[in-house]
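The values are calculated or read from the model by the stated rules, or taken from the named source; none is laboratory data. Quick caveat: nothing in here was measured; it's all calculated off a predicted structure. Note: ideal-geometry Cβ built from the backbone for every residue, glycine included; neighbour counts use all protein chains shown.
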Amino acid sequence: MARRTSEVAAAASTSSGATLFARLGIRREQDLVLHLPIRYEDETRITALGALRPGETAQVQGVVVRQEIVARPRRTLAVELRDDSGSITLRFFHFYGSQLRQFAVGNRVRAFGEARGGLFGLEMVHPRYRVVDEGEPLPQALTPVYPTVSGLGQARLRATILRALRAVQWPETVPAAVLAALGLPASADALRAIHQPAPDTSARALHERTTPAWRRVIFDELLAQQLSLQRARAARAAQRAPTLSDDVLARCLLQALPFRLTGAQQRVWTQIAGELATAQPMNRLLQGDVGSGKTVIAALAAAQAIGSGWQAAIMAPTEILAEQHLRRIGPWLERIGVRIAWLSGSLKEPEKRAARARAASGEAQLLIGTHALIEDAVAFARLGLAIVDEQHRFGVAQRLALRDRLEATTTVVPHQLMMSATPIPRTLAMSYYADLDVSVIDELPPGRKPVLTRLVSDARRDEVVARVRAAAAAGRQVYWVCPLIAESEALDLQSAIDAHAALVRELAPLRVGLVHGRLPSADKQAVMAQFASAALQVLVATTVIEVGVDVPNATLMVVEHAERFGLAQLHQLRGRVGRGSGESVCVLMYRGPLSAAARERLKTLYETGDGFEIARRDLLQRGPGEFLGARQSGEALLRFADLERDSDLLGAAREVAAALLRDDPARVDEHLQRWFGGREEFLRA
Ligand code: ADP
Ligand code: MG
């Protein structure tokens, strides 16, 4: 139990060793202990060669009867093993001289790998193998297989982990009474049972991570996440925000609106207005399906902040969306006397400087823009409220930067309102978003009709084009969204340009516009404005229109190559229509043959228009990573927990975290240190 100068640390820090381990996220001994198997291999049994079937992964053993280096088509070492029941060829495409000696005829070899049917009978390509003596005992337990990187073999990794497991002290961080109530083992025991499962452990339960040991580790991971988020929340609650309690301006805006708030909007607005009026910083996520009317809530909140003598900022993830806020919210608020500044990455430097100066002097009361708001280090005179639209579209790093900017320097912290049209399933809301309060607008404005969804093979493109023409003839407008080819932005662009050219021809004399991400900002804005004013009847677009665009007269949406889009994306796209009173249709055009996953996605879209249900299925299909917009940072993800499978543990972890934070800060520190080292920041982004 030598803790400090253990041989483990030495092993992990030898020359290239340290870098290899670091690439696995292993920097400390604790990290080794928490580096858990991705799967297990069964080396407790030997499969007779005669009983081995192609496709089977198994351990075999036999005597070398032939060794041969084949020169063509590729230099290959072939080794034939034989037992009483049959034979197999082991094949190596790269090998050393020492291996030729190991495979001397007459030697006994134990090999583990996947059997394939080859030209001359069964083969294993690059199996794991060992020379053994006759009667050498088999392992009693399943063998763990760890995630690794090239250059770091399983054997070395396994040995290093086992040494760490013996060396590291692992104080229990969860009270015994809690463990007893949950039926979970001690943490140290659980880790040993995962790294070295007892011989009688159910292989299936191990693989499914449902053994008591796995459940304990998963509980610990969820607990760490909860502790981190709840502590962040408590820290925030201890800070002071401005009291934004003057509602005169917000009332003016309410009066000036061309519609009345829906019941859901009213409820949410009452809640937010109340929170803004307290000195506790608001940290609220406003969820509402596409078209549910989140923007007006943002405008009301901004009005209340400004009416109370503070500034507000609205940040959106794309230039188009930010511009739309400027166009929509701008006039609403300007009419009631609010001074607005605009900041985006595409502005020229002098214009940016001017916008920053207006924010810094306090002359501008509302700043609307893209993430240039964070990147350009805007110093507000008196920022009282920061609003982030479509917050899930921002990366983890950007969300962190924003939070740090808002919370770091000033003594008074602005209130934060985040908005998202991608509903967060309950399990995610309870885990990744546990430091947020959530409000939901669960009602659409009156008079909306559900969007009809049609799945159409692209063999019937002509019919779709005819439908576009008919919609235009009826005075309606149409979106035509082009495929996304992930590998190449240039190709995406070309496909949109081609589609546009073809449609201009096919639909003449209709006016067909084109908008894509590479278009200079001014052009983009011009095209969007033309479409909004109905000067264009058809808008060909790449997914830049995915979020937030609002043209109520557009009633037909065509998505080309719909099979290439994700579920959430398609749902967002579909939400661009069905915004006015007209009957709306979304045509998902696909090219077969469809993969099983694509078929499933399209079927889901066809079956339901409910954003929550779609989000739930999306989570099931893709896992939480993409949901969180966290692709840049694997660290934000839970490594072992699966929120669907482990939802019972999630609830428990939440309660235990609250109790520990209240009663036992020392255990909290130990637990967080163990799980995150210095990296917990990312979980709160
Ligand atoms: P999202 O929640 O997707 O951001 P928006 O805020 O863009 O939705 O609202 C969609 C459309 O509904 C806009 O045209 C908006 O003016 C309109 N709208 C919002 N609230 C109401 C309401 N209470 N009654 C009628 N129309 C509304
Ligand atoms: Mg919106």
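Of note:
- Check on residue 226, of a type outside the set (D, E, K, R), buried (at least 19 other Cβ atoms within 10 Å of the Cβ) and not in a loop (DSSP other than H, G, I, E, B): yes
A quick yes/no check of all residues on (1) within 16 Å of ligand 2 (Cβ to nearest atom); (2) of a type in the set (Ser, Thr, Tyr); (3) in contact (Cβ under 8 Å) with a residue 60 or more places away in the chain:
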position: 228; (1), (2), (3): no, yes, yes
position: 232; (1), (2), (3): no, no, yes
position: 239; (1), (2), (3): no, no, yes
position: 243; (1), (2), (3): no, yes, yes
position: 254; (1), (2), (3): no, no, no
position: 258; (1), (2), (3): no, no, no
position: 262; (1), (2), (3): yes, yes, yes
position: 269; (1), (2), (3): yes, no, no
position: 276; (1), (2), (3): no, no, yes
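- Single residue of segment 283-340 satisfying the filter (touching a Gly at 6+ places or on another chain (Cβ under 9 Å) and charged (D, E, K, R)) that is nearest to residue 248 (Cα to Cα): 294
- Out of 320, 314, sole residue that is among the β-branched types (Val, Ile, Thr), surrounded by 24 or more Cβ atoms within 10 Å (Cβ to Cβ) and modelled with pLDDT under 90: 320
- Selected residue [surrounded by 15 or more Cβ atoms within 10 Å (Cβ to Cβ), at pLDDT 85 or above and under 22 Å from residue 445 (Cα atoms)] from 573, 602, 594, 588: 573
- When residue 17 is tested against (1) in a loop (DSSP other than H, G, I, E, B); (2) under 30 Å from residue 188 (Cβ atoms); (3) at pLDDT below 90, only condition (1) is not met.
- Scanning segment 155-177 for residues that are in contact with a Lys or Arg (Cβ under 8 Å, 6 or more places away or on another chain) and over 20 Å from residue 219 (Cβ atoms) gives 167, 169.
- Looking only at segment 331-347, and only at residues there that are assigned to a helix (DSSP H, G or I) and without any contact (Cβ under 8 Å) to a residue 40 or more places away in the chain, the one that is nearest to residue 530 (Cα to Cα): 331
- For first residues located in segment 490-507 and closer than 19 Å to residue 469 by Cα and modelled with pLDDT under 95, partners that are hydrophobic (A, V, I, L, M, F, W, C) and surrounded by fewer than 15 Cβ atoms within 10 Å (Cβ to Cβ) and lie 6+ apart or on another chain with Cβ distances below 8 Å do not occur.
- Reported count of residues in segment 568-604, each being over 18 Å from residue 460 (Cβ atoms), over 20 Å from the mean Cα position of the chain (by Cα) and either in contact (Cβ under 8 Å) with a residue 60 or more places away in the chain or not in a helix (DSSP H, G or I) (or both), is 12.
- Close Cβ contacts (under 7 Å, 6 or more residues apart or on different chains) running from residues in segment 286-309 that are touching a residue at least 12 places away in the same chain (Cβ under 8 Å) to residues that are charged (D, E, K, R) and more than 16 Å from ligand 2 (Cβ to nearest atom) comprise 304/247; 307/246; 307/247; 308/246.
- Checklist (1) part of a helix (DSSP H, G or I); (2) over 30 Å from residue 554 (Cα atoms); (3) of a type outside the set (Val, Ile, Thr) applied to residue 363, failing item: (1)
- Of all residues in segment 305-325, those satisfying the criterion of being part of a helix (DSSP H, G or I), touching a strand residue (DSSP E or B) at 6+ places or on another chain (Cβ under 8 Å) and away from ligand 2 (no atom under 13 Å from the Cβ) are 305, 306.
- When segment 249-284 is filtered for residues that are farther than 29 Å from residue 554 by Cα, in contact with a strand residue (DSSP E or B) (Cβ under 9 Å, 6 or more places away or on another chain) and surrounded by 18 or more Cβ atoms within 10 Å (Cβ to Cβ), the ones remaining, listed by number, are 272, 275, 276, 281, 282, 283, 284.
- Pick from segment 229-255, criterion in a loop (DSSP other than H, G, I, E, B) and among the small types (Gly, Ala, Ser), ranking: farthest from residue 429 (Cα to Cα): 245
- From the list 328, 356, the lone residue that is of a type in the set (Lys, Arg), within 13 Å of ligand 2 (Cβ to nearest atom) and assigned to a helix (DSSP H, G or I) is 328.
- Hits in segment 508-567 (condition: within 16 Å of ligand 2 (Cβ to nearest atom) and not in a loop (DSSP other than H, G, I, E, B)): 528, 532, 543, 544, 545, 554
- Among the strands (runs of 3 or more DSSP E) confined to segment 423-486, there are none with at least 3 residues that are in contact with an Asp or Glu (Cβ under 8 Å, 6 or more places away or on another chain).
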